[in-house]
Structures are given as C-alpha cells and as structure tokens.
Amino acid sequence: MLLAPKPDKAYKKSVRPFPSKKNSSPAQDNWIWGEHSVEACLETTPECILEIFIEKKASHALSRLGKKLEGFQCSYVEKLPRFLAEKRTQGVAAKIKEFPVHGIEKFYEKDLSKKRQVLILDRIQDIQNFGAILRSAAALGAQEVIIGSREQAPVNGTVAQVSAGNIFKLNIYVCHNLAKTCEKLKELDFELFALDSGGVTLEQALTASQGGSIGWILGSEEDGIQNLVSKIAHKKVGIPMLPGVESLNVSNSAAIALYAGSQKLKA
C-alpha cells in the first residue's frame, strides 16, 4: 500500500542548521572563521555575532576588519579554540547566534511579486559544492535557496568559508518535502527548470520562458534529481557541452544557469 507523503510542518521562526554526520559537535555548530566570513557577517547580519576572537599574531585581520570591529565584543587570544586548529582561520573566528536558515513557511510569507531566481537543491551532499553554489547564488542574484531536510550538506562554518562569507547575503529555507515545495512554487507562478541531461538546452528553455520568476532544481552529485521532483518541473534542461565531456560539476552547472537566468530577468 502506498502512503501519501506527510504534509510539510511549519518550522519555528528560526531553524537551527542540522549538523553534519561527521566531525561535528554542537559546540562547533555556530562558529565561523576566516576574514571573509567574519567580515561578511559583520556587514550583513551584525546582530548575529556574539563574540569575535582574534589571535594576537593576526595583525592582518585587524587591518582588514578595522573599524568594523567597533562595538563588538572582541577577545584577543594566543590561539583560537582547538577544534579550529585544522581550519583555514587566518587567525580570526566568531561565535554567532545562528546561520541564515529558516523554515519554508518564511519563504511563502515574502512578497513574491518581484521576478527572481530561486535555487532548489535536492540532496547536495558535498560541502565544497554546497558552499560554491551559495557563492554563485549571491553573486548572480538568487537570494533564496531552498534545501531539503534529509541527505543535505549541513549549514555550518565550513560552508560559510567556502562561500567566502556570501552565505550571509542569502536566505536558506529548509523543507521536509521537496516535491510538495516544488508544487507550491508552481502554484506561485515560478517556472521550474530541472538541470539534467537529456532535456532541452538552456538557451531553448529560457527563450521559451514566460519571463517570470525562475526556480532552478539541482540534484545530488551521485544520483541527480529525484524522479518525483524532476517530473514536477516544467522542463528538464541540459547545458550543451563539447563531445568527450560527460558532465559538469553541480556547482559549475548552477553558476551557468544562474548567469543565464539573470540575463533573462534583465531582458
């Protein structure tokens, strides 16, 4: 007997980012490190910062952050906490209240009348890919990213660093059921494109597009997009490549699609 999927439950106002399965502990969940991550958080969401830690030998961090540190609690230490020893900290780290992660209901509460691009990530498990995708999203105007609650790379300090701090320029929304979320986006007049081989080309899809808001669906590195999610999309879209190249990395595909979409929205 087939069971109907459970309906999405509204998340709390702020959702705690789920920890990674490896090398993670609750003590590390709300830390960021590296000059770019700390600087971006200071500039975009300063209210999230609890305390900044700077190694005394890291004078370069002081020169970069400069007056941005004024008004914040700063501790100058010989060494950062031990769990950051193998991270590329550049001698600076910060404890924060939370990452920009919300329940999907917060997305539906937004004014969605303005045309936009949204990324829908179906089980992106590589943390480097996840961070790179978020960096491209910030650079190319996709301020909202929707992820599933299962089999997804965590939202943490490593992702913040890989994104060069651009994670703080975005809003990330978590849902229990990506298929149901995609159906809801269609009801809200988003045109959904599943990035996968075998479909129409990117150029063909955007040429035929109605010119409204776009949702790009990207699948996991190994299994791609789930069939149920892919079938909901308006079109399956491929990126043309020269012979001999099997596929692109998912973060590269995201960047290409987002750039093409940004040009379409400007037209």
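One table, with the values for the structure above:
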quantity: Mean separation of Cα contacts under 8 Å, 6 or more apart, over the residue count of the stretch 101-266: relative contact order %; calculated: 30 percent
quantity: Nearest 10 degrees, 0 to 90: helix 35-44 Cα axis against the chain principal axis; calculated: 70 degrees
quantity: Charge dipole magnitude, Cβ of K and R +1, D and E -1 - the stretch 85-130, Cα centre, debye nearest 20; calculated: 200 debye
quantity: Of Lys184/Lys264; Lys68/Lys264; Lys115/Lys231; Lys68/Lys115; Lys87/Lys266, those spanning more than 30 Å from alpha-carbon to alpha-carbon; calculated: Lys68/Lys264; Lys68/Lys115; Lys87/Lys266
quantity: Cα-based helix-to-principal-axis angle, 178-187 vs the chain, degrees rounded to 10; calculated: 70 degrees
quantity: R0 of 25 Å, Cβ-Cβ distance Asn171-Lys56: FRET efficiency to nearest 0.05; calculated: 0.10
quantity: More than 32 angstrom apart: percent of Cα pairs within the chain; calculated: 27 percent
quantity: Cβ-based charge dipole, the stretch 131-211, positive-most Cα from Ala138, Leu192, Ala179; calculated: Ala138
quantity: Computed lengthening from Glu246 to Ala139, 0.36 nm per intervening residue step minus Cα-Cα distance; calculated: 35.9 nm
quantity: Bridge type composition, the stretch 101-266 - antiparallel percent by DSSP, nearest 5; calculated: 5 percent
quantity: Dipole magnitude (debye, nearest 20) for the chain, charges at Cβ of Lys, Arg, Asp, Glu; calculated: 440 debye
quantity: Computed [θ] at 222 nm, helices only, for the chain once each DSSP H run of length n ≥ 4 contributes -39500 (n - 2.57); calculated: -8500 deg cm²/dmol
quantity: Dipole moment magnitude, nearest 20 debye, the stretch 135-239 about Cα centre, only Lys, Arg, Asp, Glu C-beta charged; calculated: 160 debye
quantity: Leading residue at positive end of dipole, the stretch 161-244 (Cβ point charges), from Ala233, Gly211, Gly244; calculated: Gly211
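Each reported figure results from applying straightforward, stated rules to the coordinates on display, with no laboratory input. All values derive from a computational prediction rather than experimental measurement. For neighbour counting, all protein chains shown are included, and Cβ atoms are generated from backbone atoms with ideal geometry for every residue, glycine included.
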